[in-house]
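Bear in mind these aren't lab numbers, they're just calculated from the coordinates by the rules spelled out. Computed from a predicted structure; not experimentally measured. Every residue, glycine among them, receives a Cβ derived from its backbone with ideal geometry; neighbour counts consider all protein chains shown.
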């Protein structure tokens, strides 16, 4: 009998040295269209307002003092670690990320619309609003993240797991879900319940979502 495919996301495996000090310390902020290989953008740099659209980061660590308004539109991010970023606004849409970890960030509005993520993990941190509209996520894990409002409407999610997260509101309208695991997270609100097919929820979550299912099906509960 053929084995069922593993529904768990494949973890990222960034090709980075064990010691960040082995990376070349960047002395200037990245620029639009630039290419960066094996560099460390450390806390001595303030990347607030920096326009790095269409840049390429390969095997880099970004751990700046601040990154408010750092523009990563259309960037290619491979084998990277982005850690402890603080920003009220993060316009990072339409990029391509692979084998990358985003850790401990504190972001107000994170725009990842039309982004392609493959083997990416978001660890810890807090995000007030995450815009993933029209994005494509494959093998992505959110671990212990405080997510106030997440919009994946029109997105395609394959093997995506929310592990130990606190999700204030999740919008899945017109999304396509496959092996999306919500079972170990707190989910307070949901929109687009008719597009939840392909997701996995716990019995407790199912009981909490029952009124939404009934409303979607036109069932009157008395």
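Each of 44, 186 was scored by other Cβ atoms within 10 Å of its Cβ. Arranged with the fewest first, they read 44, 186. Estimated from helices alone, the mean residue ellipticity of the chain at 222 nm is -2000 deg cm²/dmol (sum of -39500 (n - 2.57) over DSSP H runs with n ≥ 4, per residue).
In whole percents, the pair-distance distribution calculated for segment 19-117 from its alpha-carbon pairs, binned every 10 Å from zero, is 18, 58, 23, 1.
Principal axis analysis of the Cα atoms in segment 109-185 yields extents of 24, 23, 19 Å, listed in decreasing size.
Note on segment 73-162: Rg/Rh from C-alpha atoms, Kirkwood Rh, equals 0.91. Within the listed set 211, 14, 91, the Gaussian network model of the chain (springs between alpha-carbon atoms below 10 Å) gives the highest mean-square fluctuation for 211.
Starting at 0 and stepping by 10 Å, how many percent of the alpha carbon pairs of segment 31-217 end up in each bin? In order of increasing distance, the bins hold 10, 39, 32, 14, 4, 0 percent. Angle of helix 203-217 to the longest C-alpha principal axis of the chain, folded into 0 to 90 degrees and rounded to 10: 70°. Taking the centroid of alpha carbons for each part, segment 1-74 and segment 111-154 are 16 Å apart.
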